[in-house]
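The block underneath contains the structure these notes are about, expressed in structure tokens.
What follows draws every value from the coordinates through simple rules; no lab data is involved. Here the structure is a predicted model, which means the values were calculated and not measured. Note that we place each Cβ from the backbone using ideal geometry, even for glycine, and neighbour counts take in every protein chain shown.
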Amino acid sequence: MSQTNLLQGTLDLLILKTLTLGKLHGLGISNRIEQITKGTFQVKPGSLFPALHRMENAGWLESSWGESANNRRAKYYALTKAGRRQLKSETDEWSRIVVAMGLALRNA
Amino acid sequence: MFDHAHEDRDLDDELRAYVDLRTAEHVKAGMSPDAARRAALMETGGVEQVKEEVRDVRPGIVLEAIVQDTRYAFRTLRKAPGFTLAAVVTLAMGIGAATAIFSMVNGVLLHRLPIGSGDRLVHLTQPSLKSPDEGFSVMEVADLRRDMQTMSGVAEYHSMTFQLYGHGDPLRVLTGVVSDRFFDMIGVKPVIGRTFLPGEEAVGAAPVVLLSHAFWMSQFNGDSSIVGATFTMNDKLHTVIGVLPPLPGYPNGNDIWMPAGACPFRSAPSMMNMRDMRMVFAFAVIKEGVSLERAQTELNTVGARFHQAYPAAYPESQRMQFIAVGARDEMTARAKPILYMLLATAVFLLLVAVANVATLSLSRQLRRSRELALRVALGAGGARLYRQQALESLVLTFAGGALGVGIAAAAIGLLRSLSTRFTPRAGEIQMNTTIFAFAFALCAVVAFVIAAAPFVHALGRRNVANALRQGNTGSVGTRSDLRLRNMLVTAQVSLAFVMLVGAGLVARSLVELERVDAGVDVHNVLSAQLSLNFTKYNTSAKQVAIASTLLERLDGLPGVSSVALASSSPLRTSSQNDVRFQIEGIEPPTGARGPHAEATSISPEYFKTVGIPVIHGRAFTLADRDSTNISAIVSDRMVKTYWGSRDPIGTRITPDSGKHWLTIVGVAGNVRSSLTDPEVTDELYVPILVAASNDVRVFLRANGAMPPIEKSLRAAVRDIDPQQPVSSVQTLEQVRGAQLAEPRLTTTLVSAFAILALVLTATGLSGVIAYGVTQRLPEIGIRIALGAQRGSVLALVMREGLVIVAFGLFVGLGASYAMRGLVGRLLFHVGATDLATYAAVAAVILGTAAIACFVPSRRALKADPARVFRGG
């Protein structure tokens, strides 16, 4: 399975994006990222959990304990208002980078 | 804030849930439960590591970790009390010495003068061909004050002794006599009362005095009701108008101050109205923003104008000129080479101490490498480990620093009083926030350097597995570790060499100084100063009368074998009364200065009492009191210089162009008043019963204990004149010792620092060898088993140490040579590159190093092959 290293800051954006549809637990986030990137990014717990806790400390995420689909206790993460704002600004930023990189690569 | 138990539990639950969910996914995909769980755990990649990384993103985590690590540092240090004690004491010595010496440098050299005019205060001098400073006349000072545009004020100054009555025993008080605007000019405000007012220097003005701070404290316990009190001084009632703040004892350590008119000599019409009657000194303050050079340029212009206007007062042949010298420079000129030397030595001691502790902590590091490697393998971050070691250094350094500052604070009083020997600014040496800030900054730098050692070591240690694999020695030392540590020890050897050379040179110089023959026999002679009340003994006849009475009364004092009076003391450091004279029948050489000598009035038994031999002719007798045919005695070298091969006995000399003639009756042995003076002092002796003086020195050669003699001397003086103070009672040995106080201090401090450095270096070296022996024990065991000789085994393990020493000596030699200028200025009769000293220091270091290497090497000889092979 091919993997690409996550760019610094990209993980945050991906996590925020996966949470726009509703709250998810750690494994759910990890699976969703793998799914929406078609397996390009696999997020290991060693990167995922520090990122989740850091983003929670930053006030972008809030967490709560809940039951999973198969009746297991799990910690769920959801976007806060600040998190939505952050997603917006990071998305804009990302689009700018993509355009800029695209231009650069085409024209160079 | 730092209680994360709940969060940790929560995190545990979260990760467990993750693993469970993942396991469930795997089971769903068809794996057996056990295999599914294993796979989930594998993917998680170490639950503990994940937890550690999550903890690392918690807010405040850095601070928290530092607190934890500091606790950890204390704990590990407590577990190694030997290392901790050695490191703390070593650092305390280094930081203490550096802080103490810095407090001296800071107090004496780094600040502007503690007066309003600061460094703009200058001493005006008037050098001529015959004297480095002729001084100034009252008229000259007044004219300079009027003419100098670059100066905000010019004031006159001189120092004299008065007698103060009505406060216990009569006191001899050293009195600064100054222009009334002096204190306003230099910018000094009184702590209580006022300073002099314009007009108070007028001759006949109401007598007032200012007390110096030290005199006020010592004599009146800082009693502020002193203002307005009156004291009789000499013949007049003086009113205390104020007390000065603490000031440098410059130009003299005056007890009290009076306006210029209070001095009857200076205020005599002949002094006041003659341009060439120069008896005062001149001080001036340069205007703000004006450079010394510009002020000097104006002085040159004004000087040239004076020379043109009053040619008689400035004989062309004397090439007189006005020169402004910064007061601050004058106050610190002698102190500079001494303080630089002490500072360099203290800094070197600190460097040795730091290198030593760095070596110690590196060795400790080497011993702990397996533990550290294990912790890295268990997930400890390299940065965290390094931080823990850095904190350990920080704790050690600040503990050492606190102890060191304590030592410095305890020593500062002693250093201050010793510094009075070479600078009037000694009083400014004190512990203050600057010193504490310095010590703090020093600790920070030292901690950083010591912490850097294991860091550099860490860079060299790349392979954790390798460390873990190390076998029975329990330690690893890669080539780079050892190279760093050996470099540190080499540096210590070099520094110790430089310091010992410095100490050796100043010590040899001191020995030379102690050996200097002053021409007098200083043993068993008590001396005392009787400064006569000049208003009471105001004629030569009265002075002769009291001298005569003193001689009669003191003769036969119990325990005294001979008694003498003189107008000055042997071993005085400054010229008192340099007199020029002409010899009858010998033309003075043209151009040169002509015959001159220090004139001293003495009583008949002076030579016998102070132990100067009479080489030729005779000493004075009580019959030598004829003021029309005055007898004189000259010192030996003068005869050779001025009389050549002629017999001086019976020849006549005149000090005043023929008004008086003195007949030479004897030749006395040479004396040297300043021990460091390369030349002996030419002396012209005249009978005190003819040429009396207001400053009478008493000399008593004792054949018994001193204290009762001092008591009977005081009683005798009281009998003769109850108002006469007896001051400076000391033995001639003490007078001589005072000249050696400063080199003795320098030598003691420099030697103490150097010896400490040597001891530290020896322990560092010992550590290297001990480590080498531990490392090579198996090899040595094999060698011994194969029949190696003790000598060859010893040579094997000591070789490393001796290579370090040889290299250290080589570097030290170069450094000492490069720094020869620093010590050179302090040396007397010893060259800064004195071969004997260098050789002796090299021998001392080699000897010490041999012992330091030999002691741990002995363990190698005891290596038991059987034990070694068993891996013990």
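Starting from the Cα coordinates of the range B:537-722, work out the convex hull volume and express it per residue in Å³.
Working: hull volume 24.5 nm³, N = 186.
Looking at the range B:537-722, the number lands at 132 Å³ per residue.
For chain B, what is the charge dipole size about the Cα centre, in debye to the nearest 20, if Lys and Arg each add +1 at the Cβ and Asp and Glu each add -1 at the Cβ?
On the way: 84 positive and 73 negative charges, 645 e Å.
Dipole magnitude for chain B comes out near 3100 debye.
If you wrap a convex hull around the C-alpha atoms of the range B:5-58 and split its volume per residue, what is the figure in Å³?
With only Cα atoms used, the range B:5-58 gives 68 Å³ per residue.
Give, rounded to the nearest 20 debye, the magnitude of the charge dipole that the protein assembly as shown has about its Cα centre when Lys and Arg contribute +1 at Cβ and Asp and Glu contribute -1 at Cβ.
Rounded to the nearest 20 debye, it is 4300 debye.
Could you work out how far the C-alpha centroid of the range B:42-101 sits from that of the range B:197-250, in angstrom?
That distance is 61 Å.
In the protein assembly as shown, if the dipole is taken from +1 on Lys/Arg beta carbons and -1 on Asp/Glu beta carbons about the Cα centre, which of B:Met258, A:His53, B:Val354 is farthest to the positive end?
A:His53
In straight Cα distance, which lysines are under 25 Å from B:Lys659, not counting same-chain residues fewer than 8 positions off?
Cross-link targets: B:Lys130, B:Lys542.
Specify which residue in the list B:Val560, B:Ser657, B:Ser631 is farthest towards the positive end of the charge dipole of the range B:537-722, using unit charges on the beta carbon of Lys, Arg (+1) and Asp, Glu (-1), about the Cα centre.
B:Val560
Sort B:Thr434, B:Thr76, B:Thr746 by Cβ crowding within 10 Å, fewest neighbours at the top.
If I rank by nearby Cβ atoms, fewest first, I get B:Thr434, B:Thr76, B:Thr746.
For chain B, what's the relative contact order in percent, using C-alpha pairs closer than 8 Å and at least 6 residues apart?
RCO, chain B: 15 percent.
Taking other Cβ within 10 Å of each residue's Cβ, how do A:Ser95, B:Ser601, B:Ser693, B:Ser561 sort, fewest first?
A:Ser95, B:Ser561, B:Ser693, B:Ser601
Under the rule of -39500 (n - 2.57) per DSSP H run of 4 or more residues, summed and divided by the residues of chain B, what mean residue ellipticity at 222 nm is obtained, to the nearest 500 deg cm²/dmol?
Result for chain B, helices only: -17500 deg cm²/dmol.
Per residue, how big is the convex hull around the C-alpha atoms of the range A:10-108? Give it to me in cubic angstrom, could you?
On the way: hull volume 10.8 nm³, N = 99.
Hull volume normalised by residue count: 109 Å³.
Mind checking the range B:785-858 for trypsin sites (Lys or Arg not before Pro) that DSSP puts in a loop (not H, G, I, E or B) and that have at most 14 other Cβ atoms within 10 Å? Walk me through the numbers before you get to the answer.
Details: sites: B:Arg790, B:Arg799, B:Arg820, B:Arg825, B:Arg858; in loops: B:Arg825.
Here the trypsin sites (Lys or Arg not before Pro) that fit, given the DSSP loop and packing criteria, are B:Arg825.
From zero outward in steps of 5 Å, how is the percent of C-alpha pairs of the range B:127-321 spread across the bins?
Taking every Cα pair in the range B:127-321, the percentages come to 1, 7, 15, 19, 18, 15, 10, 7, 5, 2, 0, 0.
Let me know the shape class of the range B:587-696, please: from the alpha-carbon gyration tensor, a ≥ b ≥ c as square roots of the eigenvalues, rounded when a/c is under 1.5, otherwise prolate if a/b is greater than b/c, or oblate.
It comes out rounded by the Cα gyration axes.
Pick out, in residue order, every one of the GluC sites (Glu not before Pro) in the range B:619-718 that is DSSP loop and has at most 15 other C-beta atoms within 10 Å; say none if there are none.
Here the GluC sites (Glu not before Pro) that fit, given the DSSP loop and packing criteria, are B:Glu679.
What is the sum of charges, Lys and Arg at +1 and Asp and Glu at -1, for the other residues whose Cβ falls under 15 Å from the Cβ of B:Thr676?
Here the charged neighbours net out to +3.
Mind scanning B:Lys287/B:Lys536; B:Lys189/B:Lys336; A:Lys17/B:Lys51; A:Lys81/B:Lys51; A:Lys38/A:Lys81 and naming the pairs with a C-alpha gap bigger than 31 Å?
B:Lys287/B:Lys536
What would the Debye equation give as log₁₀ I(q)/I(0) for the protein assembly as shown at q = 0.05, 0.06 Å⁻¹, counting only Cα atoms as equal point scatterers?
Log10 of I(q)/I(0), two decimals: -0.54, -0.69.
If we restrict to alpha carbons, what Rg and Dmax does the range B:778-862 come to, in Å?
18.4, 59
Rank these for me by crowding, B:Asp56, B:Asp143, A:Asp92, going from fewest to most other beta carbons within 10 Å.
The fewest-first ordering by Cβ neighbours comes to A:Asp92, B:Asp56, B:Asp143.
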